[in-house]
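The values are calculated or read from the model by the stated rules, or taken from the named source; none is laboratory data. Given the structure is predicted, the values throughout are model-derived calculations rather than measurements. Here the Cβ positions follow ideal geometry from the backbone for every residue, glycine too, while neighbour counts run over all protein chains shown. The accessibility values were calculated without ligands, DNA or RNA, using every heavy atom of the protein model including side chains. Shrake-Rupley method; radii C 1.70, N 1.55, O 1.52, S 1.80 Å.
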Amino acid sequence: MDAAAAKPSRIAVIGGGISGLAAAHRLHELAPSTEITLYEASERLGGVLETQHHDGYLAEQSADTFITNVPWGLDLCRRLGIDGDLVPTNDALRKAYVVSRGKLVDVPEGFLLMAPGKAWPIITSPILSPAGKLRLAWEYFVPQRKETGDESLKSFVVRRLGRETYERLVQPLIGGIYTADPEKLSIAATMKQFVEMERQHGGLIRGMRKRQADSAKTDSGARYSMFVAPKEGMSTIINALAARLPEGSIRLNSPVRSVERLSEGAWQVTTAGGADTFDGVIAAAPAPAAARLFEAFDPTLAGELGQIEYAGCAIVLLGVRRDQIAKPIAGFGFVVPEVENRRILAASFASYKFPGRSPDDSVLIRVFVGGACHKEMNELPEQELRRIALEELADLIGLSGEPQLFMVRRWSAQMPQYHVGHLELVERIEQLAAKHPGLQLTGNAYHGVGVPLCVRTSEQAAERLVKQLHLSQVER
């Protein structure tokens, strides 16, 4: 074997969030002799995932859990050897609330994002008016949509369940996941399972009945324990991934300025420290950043990437004593419908979800402000956000006094918006990227948000690159 043949392949991974780390880790698993260089623009890894500890509070700066009804997040934790550190959410408080006419009301039992699983909780709930309940029940008779093109989430829900159910239940529940405008959000890209219910069963009520019947046969009903998190926070996953990568492979404070395809088929990655050459590139940067990197060698691809819009929000973290809450809730938090005309999107009681998130006599509350429909609020001064959060919580849960902990974390333009036509846009992007051997795209901009989906798409990108470049593999 000559020296050239023995030279290991070199791969660049751009972006050190969960997606870039998962891609780099999978590359190292499959082709451990490959040289990996991971470029991260900021001073730390993890992207939006970050756990901070302050005076007995474990304060997550963004996502504080992940779901296990899809296997990819849990499987990664097993391979990292940290699955024993995972803890489930508190079953005793597995309830969510919605603000209804100024008061906190239980989300009806069995209502799954936009489909009713049980009749009686809906009938007895004060959230919907009698007319709204009748319109919801009429969903059973609403004809199936004949058109096959994409549809906005709002259009889908109003068409099937009525405007009141959309405004009072679905909009706040979905808004709490995507911080998005449901009038623009693609139902096919975000909630495909409900589109399939309509196509296969004629409607959501029929679809939920079939789902429940199938679940009864397999004895696997809905479980809140499907949501888990590492005992010491989500940064545990980030730290474990970084620890598995070869020493010297991570470059912090290294924003990539450009990516170019060289005439001999190699890839040149340029930073402030100079240019380096690689056999392949995995771009795990947000779509707008990837668009800037690719502008020089493929402006068409860059243009399509630039069409993916982003939104953000501000998170106000408050640590308070339990005796400061006059009207405590027995649940994980609440969401706020737009029709309530309030200044917050939702509130999550982190220390109710998991043990060890706050001192024993205290509560950690995360209040979400802004989102796609109220972008101006994302940038309010910290003291203004503090005032808003305290005033809203005073009205809704009787919070009084000064907090023990106060933090604001702004996430501007961090959540991709899956607008109507998103799936077709992503298909065009992937077709254009496929014309460049050695280039793979990953991240939450394409096929789903949340830790498990980011892990899956990133590992798939790594696996495709290993096959494409014929990298030497080991059985994993």
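Quick notes on this structure:
- Working value for the chain: equivalent-ellipsoid semi-axes of 40, 27, 21 Å, each the square root of 5 times a Cα gyration tensor eigenvalue, largest first.
- The length gained on full extension between Glu376 and Arg209, counted as 0.36 nm times the residue separation minus their Cα-Cα distance, comes to 55.9 nm.
- Per-peptide packing, taken as the mean over residues of other Cβ atoms within 10 Å, places 194-205, 428-439, 457-468, 256-267 in the sequence 457-468, 194-205, 428-439, 256-267 from highest down.
- Two-site label geometry, Ala119 and Thr148: point separation in nm, points 7 Å out along Cα→Cβ: 3.5 nm
- Surface share of carbon and sulfur [accessible, 1.4 angstrom probe, percent] for the stretch 33-77: 52 percent
- By average C-beta atoms within 10 angstrom, highest first, the peptides 171-184, 83-96: 171-184, 83-96
- Nearest 10 degrees, 0 to 90: helix 192-201 Cα axis against the chain principal axis: 60 degrees
- Centroid-to-centroid separation of the stretch 100-149 and the stretch 74-98 [C-alpha atoms, Å]: 29 Å
- Rounded to the nearest 20 debye, the dipole size of the chain about its Cα centre is 1460 debye, using +1 on the Cβ of Lys and Arg and -1 on the Cβ of Asp and Glu.
- Residues of type lysines that Lys133 reaches as a straight line, Cα spacing below 27 Å, ignoring anything fewer than 8 places off in the same chain: Lys95, Lys103, Lys118, Lys146, Lys154, Lys184, Lys192, Lys210
- Accessible area per residue for the stretch 298-372, computed on protein heavy atoms with a 1.4 Å probe, is 33 Å².
- Beta bridges per DSSP, both residues in the chain: antiparallel share near 75 percent.
- Probe 1.4 Å, accessible area per residue of the stretch 394-434, Å²: 45 Å²
- Portion, in percent, of the accessible area of the stretch 411-476 that falls on carbon or sulfur, probe 1.4 Å: 51 percent
- Cut-off 19 Å (backbone N to label point 7 Å along Cα→Cβ of Asn341), residues of the stretch 391-417: 391-393, 395-396
- Label-to-label distance, nm, for residues given as Leu112 and Arg44 (7 Å Cα→Cβ offset): 3.7 nm
- Relative contact order (%) - criterion: Cα under 8 Å, at least six apart; region: the stretch 1-82: 23 percent
- Relative contact order (percent, whole number), the stretch 125-272, Cα cutoff 8 Å, 6+ residue spacing: 17 percent
- Three-way shape label, the stretch 172-295, alpha-carbon gyration tensor, a/c 1.5: prolate
- Apolar share of the accessible surface for the stretch 167-310: 46 percent from carbon plus sulfur atoms, 1.4 Å probe.
- Cα gyration tensor, the stretch 9-64 - rounded (a/c under 1.5), prolate or oblate: prolate
- 0 to 90° range, to nearest 10: angle between helix 382-397 axis and the chain longest Cα axis: 40 degrees
- The chain: relative contact order in percent, alpha carbon pairs under 8 Å with at least 6 residues between: 26 percent
- Average accessible area per residue (Å²) across the stretch 132-219 - probe 1.4 Å, nucleic acids and ligands excluded: 49 Å²
- Think of the chain as having a plus end and a minus end, set by charges on the Cβ of Lys, Arg, Asp and Glu; of Leu439, Leu465, Ala213, Ala213 sits farthest toward the positive end of this dipole.
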